[in-house]
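In what follows, a structure is listed as structure tokens, so that the remarks can point back to it.
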Amino acid sequence: MAVARKIKTLLTVNILVFVGIILFSVYCRLQDRSEGLVQIVRSADRRVRSRQAKVGALVDREAILQRLDHLEEVVYNQLNGLAKPIGLVEGPGGLGQGGMAATLRDDSQDTESKFEEYGYNAQLSDRISLDRTIPDYRPQKCRQMTYSDDLPQISVVFIFVNEALSVILRSVHSVVNHTPSQLLKEVILVDDDSDNVELKFNLDQYVNKRYPGLVKIVRNSRREGLIRARLQGWKAATAPVVGFFDAHVEFSTGWAEPALTRIREDRRRIVLPAIDNIKYDTFEVQQYASAAHGYNWGLWCMYIIPPQDWLDRGDEAAPIRTPAMIGCSFVVDREYFGDIGLLDPGMEVYGGENVELGMRKPRGRWVPGQHLWPLQAGNLGARSWALVLVSSSWEMQGQCTSWAAGLLHELETVDATESRPEIVPAAIKPRRCVGP
């Protein structure tokens with residue numbers, strides 16, 4: 001019996017040990033599988049997180065791109081897209097680039113009515129970019145000239161009344177685009193009591209957003225006329241040099257430096273940058289031949305052939321001295337202009353200023369050194385601008401006279417002892433080229 005119990009006990013122990021070994025083996029296998037599952041779960045979790053991170057990054061990238069697109073749109077609307085809401089065009093390309101002739105397919109009644117209202121194709125002007133380029137007609141010598149870095153600043157004054165908005169803004173764009181920023185102190189728009197509604201809110205809103213602090217608008221409460229409107233611009237100007245222009249011009253590169261150089265050399269010079277023509281119907285820029293300015297006994301400004309000695313020099317960059325000028329385009333030292341009495345405020349219409357400045361006497365005495373000079377585009381160092389034919393209270397039947405193609409004029413005061421000035425081509429004397 002004792003032996004049988006021992007055998008049963010040993011058998012039981014062996015069975016328990018065997019079961020324990022099996023259980024331990026199963027446990028170990030379960031542990032391995034559990035760790036494997038954990039690793040799988042962790043790996044899957046990492047993959048999920050990685051995918052989520054990538055998706056999040058993509059979402060963030062898309063959000064950033066959307067924000068950048070929105071910001072770009074905001075900037076464009078603030079700076080370059082302001083013209084679109086008022087039906088105008090900005091930026092490079094498009095109709096009329098390079099001063100080429102442009103036409104519209106639609107010959108609508110609105111086009112004809114605008115023709116009658118403005119004296120030029122305002123409908124076409126609205127389709128031409130405010131930033132269009134025009135040809136550079138300067139002689140080669142002018143393009144090679146360099147100028148000092150310490151030239152005086154200029155205030156550019158535009159005078160207008162019931163002008164087409166696109167023509168005014170193209171004048172502003174072109175002078176800003178083609179004048180070094182360190183030289184352009186400000187642009188002053190003088191509105192001589194226009195009744196065109198688009199020249200009120202639309203113009204104010206555009207220039208205030210497009211050129212904040214640079215472009216200023218002076219509005220006359222009643223129609224003063226061209227001469228007194230220019231005087232208002234002179235009063236508003238703060239730069240040492242002031243340029244007076246009608247608001248239907250386009251400037252090209254390098255127009256300012258030569259004029260400012262001439263005035264810095266001698267503040268008594270009144271400078272008239274060269275002007276070409278912009279055709280009233282196609283806005284094509286046409287080069288004008290070189291000419292000098294004089295006037296007849298009716299005191300009407302005339303355009304005359306330069307004197308023979310100037311022609312014999314064969315130097316297109318040489319200025320021409322002349323006793324007359326074109327009033328709608330001249331640059332003058334601000335203080336000196338005041339010294340010689342400005343323009344006569346009693347002049348009700350344009351034209352008299354063409355000869356008046358040549359006979360001005362500052363503070364009661366004649367100044368023989370005062371000069372007005374026509375300068376070839378070459379001596380100016382730039383082709384200045386082209387004129388749009390315009391019908392307004394200051395123009396005669398919508399037409400404009402031809403102006404010197406690249407001449408800068410310096411007005412000569414008439415000697416008080418002379419009984420009357422001798423206005424002939426021989427009186428126009430060439431001077432040296434503008435430039436350092």
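The values are calculated or read from the model by the stated rules, or taken from the named source; none is laboratory data. Note that the structure is predicted; figures quoted are calculated from it, not measured. Every residue, glycine as well, gets a Cβ built from its backbone with ideal geometry; the counts of neighbours run over all protein chains shown.
Could you check residue 271 against (1) in a helix (DSSP H, G or I); (2) surrounded by 24 or more Cβ atoms within 10 Å (Cβ to Cβ) and say which number it fails?
(1)
Among (1) surrounded by fewer than 20 Cβ atoms within 10 Å (Cβ to Cβ); (2) small (Gly, Ala, Ser); (3) touching a Lys or Arg at 6+ places or on another chain (Cβ under 6 Å), which single condition is residue 155 missing?
(1)
Here's a check for you: in segment 241-262, which residue that is assigned to a helix (DSSP H, G or I) and charged (D, E, K, R) is farthest from the chain's Cα centre (by Cα)?
So the residue we want is 262.
Against the conditions (1) under 30 Å from residue 164 (Cα atoms); (2) surrounded by fewer than 24 Cβ atoms within 10 Å (Cβ to Cβ); (3) of a type outside the set (A, V, I, L, M), where does residue 243 fall short? Just the number, please.
Answer for residue 243: the failing condition is (2).
Only one of (1) under 29 Å from residue 280 (Cβ atoms); (2) under 17 Å from the mean Cα position of the chain (by Cα); (3) not in a strand (DSSP E or B) is not met by residue 223, so which one is it?
(2)
What is the one condition in (1) in contact with a Leu (Cβ under 7 Å, 6 or more places away or on another chain); (2) farther than 21 Å from residue 167 by Cβ that residue 326 does not satisfy?
(2)
Out of (1) within 26 Å of the chain's Cα centre (by Cα); (2) over 21 Å from residue 174 (Cβ atoms); (3) among the hydroxyl-bearing types (Ser, Thr, Tyr), what's the single condition that is false for residue 290?
So the condition that residue 290 fails would be (1).
For segment 118-206, please list each of the helices (runs of 4 or more DSSP H) lying entirely inside it that holds at least 1 residues being under 24 Å from residue 231 (Cα atoms) and modelled with pLDDT of 95 or more.
Because the criterion is at least 1 residues that are under 24 Å from residue 231 (Cα atoms) and modelled with pLDDT of 95 or more, the helices (runs of 4 or more DSSP H) in segment 118-206 that meet it are 165-177.
Given (1) at pLDDT below 95; (2) assigned to a helix (DSSP H, G or I); (3) in contact with a Leu (Cβ under 9 Å, 6 or more places away or on another chain), identify the lone condition not met by residue 89.
Just one mismatch for residue 89, condition (2).
Residues of segment 229-263 being among the charged types (D, E, K, R) and within 14 Å of residue 337 (Cα to Cα), which ones?
Once the filter is applied, which keeps residues that are among the charged types (D, E, K, R) and within 14 Å of residue 337 (Cα to Cα), segment 229-263 yields 230, 235.
Kindly establish whether residue 271 is closer than 20 Å to residue 354 by Cα and at pLDDT below 95.
yes
For segment 202-218, name all the residues that are buried (at least 19 other Cβ atoms within 10 Å of the Cβ) and of a type outside the set (Lys, Arg).
Scanning segment 202-218 gives 203, 206, 207, 215.
Could you tell me which of the residues 221, 166 is polar (S, T, N, Q), under 21 Å from residue 279 (Cα atoms) and either crowded, with 21+ Cβ neighbours inside 10 Å or out of contact with any Cys (no Cβ under 8 Å at 6 or more places or on another chain) (or both)?
166
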